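The values are calculated or read from the model by the stated rules, or taken from the named source; none is laboratory data. Since we're looking at a predicted model, the values are computed, not measured. Methodologically, a virtual Cβ is constructed for each residue, glycine included, from the backbone with ideal geometry; neighbour enumeration extends over all protein chains shown.
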Amino acid sequence: MERTEFRHELAQQLRVDSIRSSAAAGSGHPTSSMSAADLMAALLDGHLRLDFSHPDNPENDHLIFSKGHASPLLYACFKAAGAIEDAEMMTFREFGSRMEGHPTPVLPWVDVATGSLGQGLPIGVGLGLTISALDNLNSRVWVLCGDSEMAEGSIWEAFEHAAHYRLDNVTALIDVNRLGQTGETMHGWDLSAYSARARAIGWHAIEVDGHDPAQIEEAFNEAESTTGRPTAIVARTLKGKGVSEVENLTGKHGKPVSDSEAAVTELGGYRDLGVKVSAPEGNNRPRTFESSAADLPSFELGSSVATRKAYGQGLRALGTRRGDVVAMDGEVSNSTHSEQFREGHPERYFEMYIAEQQMLATAVGMQVRGWTPFSSTFAAFLTRAYDFIRMAAVSRADLCLMGSHAGVAIGEDGPSQMALEDLAAMRAVHGSTVLYPCDGNQATQLLEPMADRSGICYMRTSRGASPVIYGSDEQFPIGGSKTVRGGDHVTLVGAGVTLHEALDAAERLESEGIRARVIDLYSIKPIDSETLRSAANQTAGLVTVEDHWPEGGLGDAVLAALADTGTLAPVRKLAVSVMPGSGKPAELLGQAGIDAAAITEAARELVR
């Protein structure tokens, strides 16, 4: 069979199989799959380099469906490539099936979960950067994008960064089928609306008829031969291509074709073609970076240091000890002190500028390739990338995040810079770890456990300097806590800034004959339930204090821990309950009712 004819037949098979699997499931997005079938047939037959039998081959190309709802097409591609059987493909969306409604890494050829639109291309750019700047390999990243998701700001963050880093190993296939979920997209079939923007940013852009095999082949060859810049292939397509019941019609999105048998017949019937996807040639291995012994920075007892500064110094040392550690920042590295890592390991540091979504996407891409990324910015700004963090958990990604400048204790900058939601947000992420160190030695000692831990790890650091209360040889296991002061009358529970306020309050209470136990809850998730249970049973009650809104933070974590252990105890929860303004840290802590004076009064009430 001649290649053009074979690709046509393969594309028809991909359409047929997208219809069949969606019909069997009773749901899905076959029309979004059908529009891109010609693009994928050409990619599979001659351009994608992927050894399906060895998905961990470091030289494999990467295929990402940014339009993750077109999963029927992806699974049809896997079937055509011989990676899965037809029977498994037909379990689409069934309970327990690997053929989930949107792709996830339960399949070994799926790098990341997609389906939240606007994420696949940013992650693909992160992968492209990893391959070129860290791995030093020649594999490519192919990303299928939908035209609807081109309205997402994260897509254009990806375009900017791919151009800035000159990622000629990244190709975006933009499926311009004109129709979104509720009607026509913003630009319809105006291909220049996409290509002109891409060119202005610094991409090579090619406009094609997405159903013309000759144009598609020429565009793929051109993309592969383009150097010094990424390529966007902007393809005009028909949604539901080939089936008169749905082709180029509104109201057909996200539902099976009503008469699937007639649709299959119209497309020429069932086929069982196989395509031999080329495996990568050569036997190159990813670059590695040397490791050497290095002591973590240590800070003298009684001295003062900001935990954000300790983080930066500790991260630099960790980078010396471990060649797999990489770092990136959202253009605030002189505040988060990740500049320390950049100065020590410039080849493993990446500036992501004011683009937090792309920063998180890049981190996800880097961990796909086995690197251990640390991403840092102001804690308040991580909320912009929260959907990327949420989806990273779906991707089973391992990320280390640091958010600095948290809470009212940052002072004069005011509420726009004060993270007061971050603990709740990060606690809510599946399988996450949430840490909040109170001094420099604690902050540095927690870094390597973060690097070794699976899932999303978040460290909250503080802007202002705080007293060093722990020796440099102290250990802080994740899931633990420290009882830094004994007492049997009342328990004070704090972390970070409020731990020091609790210690001050304990001194005041001691002068009144009230012995306060003080617990440093540096690990907010997982939490040390046993220590909290014992404190609740051995004292009159607990006062929790946090530089955070009342909802979802440290106090709620303590209440949940007590509930889980079946422990009944009085708890006074102190948190920021009024909108702060600008002021000195002490003034703002006092206004919020989370300073030593407020803690002292709450403890007195419990004891009474």
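Quick notes on this one:
- Whichever residue in segment 543-556 is assigned to a helix (DSSP H, G or I) and surrounded by 22 or more Cβ atoms within 10 Å (Cβ to Cβ) and, among such residues, is farthest from the chain's Cα centre (by Cα): Gly555
Here is a yes/no grid of residues against (1) surrounded by fewer than 21 Cβ atoms within 10 Å (Cβ to Cβ); (2) closer than 16 Å to Met459 by Cα; (3) of a type outside the set (Ser, Thr, Tyr):
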{"site": "Asp473", "(1), (2), (3)": "yes, no, yes"}
{"site": "Pro477", "(1), (2), (3)": "yes, yes, yes"}
{"site": "Thr491", "(1), (2), (3)": "no, no, no"}
{"site": "Ala495", "(1), (2), (3)": "no, yes, yes"}
{"site": "Ser511", "(1), (2), (3)": "yes, no, no"}
{"site": "Ala516", "(1), (2), (3)": "no, no, yes"}
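- Summed over segment 232-256, residues that are among the charged types (D, E, K, R) and either over 32 Å from the mean Cα position of the chain (by Cα) or not assigned by TED's automatic domain parsing to the domain that holds Gly124 (or both) total 3.
- Filtered residues of segment 557-608 (kept if in a helix (DSSP H, G or I), among the β-branched types (Val, Ile, Thr) and at pLDDT 95 or above): Val558, Ile599, Thr600
- Taking segment 489-533 as the range and being outside any helix (DSSP H, G or I), closer than 18 Å to Leu562 by Cβ, of a type outside the set (A, V, I, L, M, F, W, C) and touching a residue at least 40 places away in the same chain (Cβ under 8 Å) as the test, the residues that pass are Thr491, Gly494, Asp520, Ser523, Lys525, Pro526, Asp528.
Conditions (1) under 22 Å from the mean Cα position of the chain (by Cα); (2) closer than 22 Å to Tyr353 by Cα, marked per residue:
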site: Leu73; (1), (2): no, no
site: Glu88; (1), (2): no, no
site: Arg98; (1), (2): yes, no
site: Gly118; (1), (2): yes, yes
site: Pro122; (1), (2): yes, yes
site: Leu127; (1), (2): yes, yes
site: Thr130; (1), (2): yes, yes
site: Val143; (1), (2): yes, no
site: Asp147; (1), (2): no, no
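- Being under 22 Å from Ala70 (Cα atoms) and aromatic (Phe, Trp, Tyr) holds for only one residue in Trp189, Trp203, and it is Trp189.
- Residues that are farther than 20 Å from Leu144 by Cβ, without any contact (Cβ under 8 Å) to a residue 40 or more places away in the chain and of a type outside the set (A, V, I, L, M), drawn from segment 70-88: Glu85, Glu88
- Out of Ala540, Ala535, sole residue that is surrounded by fewer than 20 Cβ atoms within 10 Å (Cβ to Cβ) and not polar (S, T, N, Q): Ala540
- Residues in segment 180-195 that are among the small types (Gly, Ala, Ser) and either under 11 Å from Met150 (Cβ atoms) or in contact with a Lys or Arg (Cβ under 6 Å, 6 or more places away or on another chain) (or both): Gly180, Gly188, Ala193.
- Some residue of segment 62-69 being in the same structural domain as Phe159 (by TED's automatic domain parsing), in contact (Cβ under 8 Å) with a residue 24 or more places away in the chain, within 18 Å of Gly274 (Cβ to Cβ) and surrounded by fewer than 21 Cβ atoms within 10 Å (Cβ to Cβ): no
- Elements of type helices (runs of 4 or more DSSP H) in segment 1-99, at least 1 residues being within 24 Å of Glu217 (Cβ to Cβ): 3-25, 30-34, 37-44, 71-80
- Among the numbered conditions (1) in contact (Cβ under 8 Å) with a residue 40 or more places away in the chain; (2) not in a loop (DSSP other than H, G, I, E, B), the only one that Glu261 does not meet is (1).
- Of note, Ser154 does not satisfy the criterion of being within 24 Å of Pro256 (Cα to Cα), in contact with a helix residue (DSSP H, G or I) (Cβ under 8 Å, 6 or more places away or on another chain) and hydroxyl-bearing (Ser, Thr, Tyr).
Here's the yes/no breakdown for (1) at pLDDT 95 or above; (2) touching a strand residue (DSSP E or B) at 6+ places or on another chain (Cβ under 9 Å); (3) of a type in the set (Gly, Ala, Ser); (4) under 21 Å from Gly471 (Cβ atoms):
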site	(1), (2), (3), (4)
Pro286	yes, no, no, no
Leu301	yes, yes, no, yes
Thr307	yes, yes, no, yes
Leu318	yes, yes, no, yes
Val326	yes, yes, no, no
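- The residue of segment 557-596 that is surrounded by the most Cβ atoms within 10 Å (Cβ to Cβ), among those that are without any contact (Cβ under 8 Å) to a residue 12 or more places away in the chain and closer than 25 Å to Glu510 by Cβ, is Gly590.
- Residues satisfying the stated conditions in segment 576-608, i.e. of a type in the set (D, E, K, R) and either over 37 Å from the mean Cα position of the chain (by Cα) or outside the structural domain of Asn537 (by TED's automatic domain parsing) (or both): Glu601, Arg604, Glu605, Arg608
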